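Quick notes on the structure that follows.
No lab work stands behind these numbers, since they all come straight from the coordinates. What you see is a predicted model; the values in this text were computed from it and never measured. Here the Cβ positions follow ideal geometry from the backbone for every residue, glycine too, while neighbour counts run over all protein chains shown.
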Amino acid sequence: SEVHRTYYEFGEDVKNLSTYLFKSKYCFDKLAVVGENSYEWLVSYIAILSTDSIAVPLDRMLPEDELVALLQRSESKVLFYHPKHHSMMLSIASRMKEGSIDIALEKFVCTYPEGLSSKEPFPKDDDRFEKIGELIEEGKKIRDKEGDIFLNTPIHTDVERIILFTSGTTSMSKGVLLSHKNICSNVYAITQSLYVVAGDRAFSILPLHHTFENTVDMFMLSVGACLCQSDGLRYIVPNLVEWHPEVCISVPLLFENIHQKIEKGIEESGKKKLIDFMIPITNFLKKIGIDLRRAVYKEVLDKLGGDLRLVVIGGAGIDKRYVDSFSNFGIDFFMGYGLTETAPVISVCTTECNVHGSVGRPMAGIEAAIDTEDTSRNAVGEIITRSDCVMLGYYRNEEATKEVLTPDGWFHTGDMGYMDKTGSIHITGRVKSMIVLTSGKKAFPEEIESLITEIPGVSEAFVWGNRNDREAI
């Protein structure tokens, strides 16, 4: 069933939980959040940050031992968890009690106890387990007596307040240290680039522990949009039809799948020839200032809820034909680029500058450059960036920090690319995967793979560099 929350209710829950945390012994400590996307996930996370404590968002897909390893590394004292993680929490708590694992964790807070199964009920005899509703209620009682005392918390803008672990095994993953300034600077920059206004419905799909979804949701909340949280990947299309979102920020795979369903629907309706005939006409009319796309293709747009007007894709490249197809139907389909280390968005295409194949121009307040000695136009080199969005460094890893951050603040992204005459960034591949031929020419597997997958019948491709003993004649 759908659950609706107003900004006022959201604010009250955050204030109450913040007050509880402020008065607890865990204030200013490291507090972790793990689990499915939910209203309570956001309440927990923002309450942690509101008390100037350190938030540790963890991947909900981690197996138990890897989750334990990250809890050890981060020294988290409290863990807010979704009911789907309850059996794992019971196991961790049991292992802690018997002494087989040694972690700093003192509290397990279930964010939605009503969702627990009867087979594994909430443990009433273990005071390490708490229910978020009871903590919120406790905070409300304190607020009723003492007011919003948590607002007295001094917010330190330039010190680490979020530890985001990158993907990879727990021993190899780096903990990215982000500050309040990093996130707020990125949110502000996004507001200068994307047109989203109060009342817009934004479809939230990606896991909240990803900095892309995390920061974007902060942006949506900052402009007064309504966050519509997906019920899961199987329900994407029904959710779109049910909630009529105007905005969606996601990854390529999702919209590739949605596009396939749209194409199938067009084929089954018998209108493919008509739509193929109309697309050049509506695109021409748009060029002379008459935009009829959304009216002409209303039937297609209704399959996406009817109101979707803005899609931003990040995380990986997407085939140009998908961009063209959604644009043909009247949806602004933009590419963006960023990394966890840059909080995360560096650049994004906009209505004013949407160069095909690029990931847009750097956003307001963000510098980007190409690290290369080649002075020719479109010279390829490593993409580097400098701004208030760039991380403070890696958690307890000074050596890795020095490898990517220069003393004057430039961050080396590890991505290769070039800038065109509009200032838009084009990504060609990763520094580590670049193949240097014997002629000195540089080749990027990612570029070759994307061309191969355009061949009809090819769904996946893998390109690598290999030397053999044959000599050229």
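Placing unit charges on C-beta atoms (Lys and Arg positive, Asp and Glu negative, everything else neutral), compute the dipole magnitude of segment 112-169 about its Cα centre in debye, rounded to 20. Spell out each step's value before the answer.
Numbers: 9 positive and 14 negative charges, 18 e Å.
Using Cβ point charges on Lys, Arg, Asp and Glu, segment 112-169 gives about 80 debye.
In the structure shown, do any of LYS271/LYS303; LYS272/LYS303; LYS23/LYS84; LYS303/LYS421; LYS25/LYS141; LYS97/LYS124 have a Cα-Cα gap over 26 Å, and if so which? Walk me through the numbers before you get to the answer.
Working: LYS271/LYS303 15 Å; LYS272/LYS303 15 Å; LYS23/LYS84 29 Å; LYS303/LYS421 38 Å; LYS25/LYS141 17 Å; LYS97/LYS124 16 Å.
Checking Cα-Cα distances, LYS23/LYS84; LYS303/LYS421 exceed 26 Å.
Can you list residues whose amide H is under 5 Å from VAL312's amide H, if they're 5+ apart or on another chain and H is modeled 1.01 Å from N?
CYS248, ILE249, SER250, PHE334
Report the extension gain between ALA369 and GLU98 in nm, rounded to one decimal, defined as 0.36 nm multiplied by the number of residues separating them, less their alpha carbon distance.
Values: separation 271, 0.36 × 271 = 97.56 nm, distance 5.38 nm.
Full extension from ALA369 to GLU98 adds 92.2 nm.
Positive end of the dipole of the chain, charges at C-beta (+1 Lys, Arg; -1 Asp, Glu), about the Cα centre: which of SER327, SER204, ALA461 has its Cα farthest in that direction?
Farthest towards the positive end: SER327.
Taking the Cα-to-Cβ direction at ALA316 and at ASP420 and moving 7 Å from each Cα, how far apart do the two end points lie in nm?
2.3
Near the amide H of ARG201, under 5 Å away, which other amide H atoms are found, from residues 5 or more places off or on another chain, if H is placed in the peptide plane?
CYS226, GLU246, VAL247
What is the packing order of peptides 305-314, 145-154, taking the mean over residues of other C-beta atoms within 10 Å and listing the highest first? Spell out each step's value before the answer.
Numbers: 305-314: 21.0, 145-154: 12.5.
By packing density, highest mean first, the sequence is 305-314, 145-154.
What's the FRET efficiency of LYS271 with ARG234 using the Cβ-Cβ distance as r and R₀ = 22 Å, to the nearest 0.05?
Numbers: r = 27 Å, r/R0 = 1.23.
Once the sixth-power term is evaluated, E becomes 0.25.
Under a Cβ-only charge scheme (Lys and Arg +1, Asp and Glu -1), can you give me the dipole magnitude of the chain about the Cα centre, in debye to the nearest 20?
Values: 51 positive and 69 negative charges, 143 e Å.
Computed about the Cα centre, the dipole is about 680 debye.
Residue by residue through segment 197-203, what is 3J(HN,Hα) from phi via Karplus (6.51 cos²θ - 1.76 cosθ + 1.60, θ = phi - 60°)? Round to whole Hz and write x for glycine and proline.
10, 3, x, 4, 9, 10, 7
Angle between the Cα long axis of helix 7-23 and the longest principal axis of the chain, 0 to 90 degrees, nearest 10?
For helix 7-23, the angle is close to 50 degrees.
Which is farthest toward the positive dipole end of the chain among TYR418, HIS82, LEU21, measuring Cα position about the Cα centre, with Cβ charges +1 (Lys, Arg) and -1 (Asp, Glu)?
Of the candidates, TYR418 comes out farthest on the positive side.
GLN229's amide H: which non-local residues (gap 5+, or another chain) put their own amide H closer than 5 Å, with H modeled 1.01 Å from N in plane and none for Pro or chain starts?
SER204
At a Förster radius of 56 Å, what calculated FRET efficiency corresponds to the Cβ-Cβ distance of ASP324 and HIS156, to the nearest 0.05?
Details: r = 47 Å, r/R0 = 0.83.
Between ASP324 and HIS156 the formula returns 0.75.
When the dipole is taken about the Cα centre of segment 213-302, and only Lys, Arg (+1) and Asp, Glu (-1) are charged at their Cβ, what size is it in debye, to the nearest 20?
Numbers: 11 positive and 13 negative charges, 98 e Å.
My answer is approximately 480 debye.
For the chain, what is the percent of antiparallel DSSP beta bridges, rounded to the nearest 5? Write out the running numbers ahead of the final one.
On the way: 28 of 59 bridges.
Here the share of antiparallel DSSP bridges comes out near 45 percent.
Between ASP127 and HIS412, what is the label-point separation in nm under the 7 Å Cα-to-beta-carbon projection?
For the pair HIS412/ASP127, the computed spacing is 5.2 nm.
Pop out the ³J(HN,Hα) list for segment 343-349 in order, Karplus 6.51 cos²θ - 1.76 cosθ + 1.60 with θ = phi - 60°, rounded to Hz; leave Gly and Pro as x.
6, x, 6, 9, 9, 7, 6
Computed FRET efficiency, Cβ-Cβ of GLU242 and ILE290, R0 56 Å: what is it to the nearest 0.05? Intermediate values should be presented prior to the final figure.
Working: r = 32 Å, r/R0 = 0.57.
Plugging the Cβ-Cβ distance into 1/(1 + (r/R0)^6) gives 0.95.
Would you mind checking the tilt of helix 272-287 against the longest principal axis of the Cα atoms of the chain, expressed as 0 to 90 degrees and rounded to 10?
So the inclination is approximately 90 degrees.
From the square roots a ≥ b ≥ c of the eigenvalues of the alpha-carbon gyration tensor of segment 72-186, which class results: rounded (a/c under 1.5), prolate (a/b over b/c), or oblate? Spell out each step's value before the answer.
On the way: a/c = 2.07, a/b = 1.13, b/c = 1.84.
It comes out oblate by the Cα gyration axes.
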